[in-house]
Amino acid sequence: MSTQPRRWWALALIAAAQFMVIMDTSIIGVALPHIQDQLGFTQQNLSWVFNAYVIAFGGLLLLGGRLSDLFGARRMFITGWLILLAGSAAAGAAGDVTTELTARGVQGAGAALIAPSSLTLLMMLFGANPRELTRALALYGAAAPAGGTAGVFLGGLITQYLSWPWIFYLNIPVAVAAVIAAPALMPAGTRARGSVDWAGALTVTAGLAALVYGIVAAPERGWTSPYTWAVLGAATALLATFVIIQGVRRVPLLRLSLLRAPNLTAANLAQALLGAAWIPMWFFLNLYLQQVLGYSALPAGAALLPMTLLIMAAMITLAPRVIARFGPKAATVTGLAILAAGIGWLALVRADGSFTADVLPASLVAATGIALAFIPSLGTAISAAPPADGGLASGLVNTSYQVGSALGLAAMTALAASHGATALGDPEALTGGFSAAFSGAAVIAAAAAVLAAITLRTPSPTSKQATTEQKTAEQEADAVHARA
């Protein structure tokens, strides 16, 4: 096998990893009532079947990125799949609440190793060629919405025709295939000297987990309750301690000077706000389809297909061309503004609405926005760091997106609940709550567009490298357009 096809086969495996990591957050939705009945979850703690995965995933991503730099991206990629395999087997075989939640946390820990090492491997394989890198990032980005929608479909099919444990067992053959294929397809990667900053890892992981937990639990506990403030206060103290440790430690988990790299902090902020707007939109759109329009799980998944297919197509074709012509900053800002418009349109949903009038056009506008914003902000966040910190940058941007998603969803859930979204069986009240959540998510996306316009920098036109890459990208876009 020649080098060229080997590189693209490796990308297929990397995209499959992204697909599975995202699918594991959505595949459990339809199965939750069945899990509740068989394992004895209460209505209050059932959501932690989802949250245990997200908190472990988001909280450990930064550590996963550092381990990828220290021990090699391929090794951490394989290790992550082995951990995910073990967690999936345990989650499927669980017979009680504690085992199930622990297993879901193990799955999240495995995903926290897979995600940053995947991006590091992608940059190693395609980073030297700007044209191929844009194309590879587009394919990688398209795998995320595909995984989210596939999870809705597969969760319904598996739960209906097999049983809920198989939503977890599905990961096992994929993990085995990834572990077998990775040594032949993936470069080993460089290994940095140094040790793991365990104190930093502990404080940042615990701090992020406490922050996500506090926000997620606040709608149930109350935003003004002493419990909520205690958890959020502990999160603030832990994260402040992490910053102090990073400032004094000789070999820190995250060099604070790295955040001064041009565009790194700005692009990570864009990714965080992108997740905080997009994930709540997707979540509440699914609820609107099922709880207001009366769709069952599989038709609701089908209703999301046009949006998903447009995202995938636009990420592969439209986004690279826009980036080539106008640069990553313009693409990011424009995409976020279009996303805000699409979600704002969804805020106009009606209790007696329909898919074709209330959902389809607005969701396609939002899909165009996410497709334009995701690729350039992700690429900017990764490429802004020095090559030796590629794994750390990958872990940082994944952390930004996942934590932003969790915090945005928790906040919009509280907003929706305060406007009637808990009144099951009352379409008017539910629609009012969902509309409030869409409005809040649209505000987040609009704020992200403004902040990106202010904070992202455009490469200097006098830079020889920037000019060369711009011309190369434009030539490739022209070639693609001519072939079309």
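Per-structure values
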| quantity | calculated |
| --- | --- |
| Answer label, with semi-axes √(5λ) of the Cα gyration tensor in Å calculated from the coordinates and candidates (1) 32, 27, 23; (2) 40, 30, 20; (3) 43, 25, 20 | (1) |
| For Tyr213, Tyr401, order by how many other beta-carbon atoms lie within 10 Å, fewest first | Tyr213, Tyr401 |
| Inter-label distance for Thr224 and Arg350, nm, one decimal - labels placed 7 Å from Cα along Cα-to-Cβ | 3.7 nm |
| In nm, spacing of pseudo-spin labels at Ala188 and Arg250 (7 Å Cα→C-beta vector) | 2.7 nm |
| Pair Ala128, Leu259: separation of 7 Å Cα→Cβ label points (nm) | 3.5 nm |
| Mean Cβ count within 10 Å, highest first, over the residues of peptides 312-319, 68-75 | 68-75, 312-319 |
| Net +/- balance of residues flanking Gly420 in space, Cβ distance below 10 Å, scoring K and R +1, D and E -1 | -2 |
| Pairwise FRET efficiency - Leu298 versus Gln38, Cβ, R0 = 30 Å, nearest 0.05 | 0.90 |
| The chain, helix-only ellipticity at 222 nm - DSSP H runs n ≥ 4, -39,500 (n - 2.57), divided by all residues, nearest 500 | -27000 deg cm²/dmol |
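Values in this text are rule-based calculations from the coordinates and carry no lab data. All values derive from a computational prediction rather than experimental measurement. All Cβ positions, glycine included, derive from the backbone under ideal geometry; neighbour counts span all protein chains shown.
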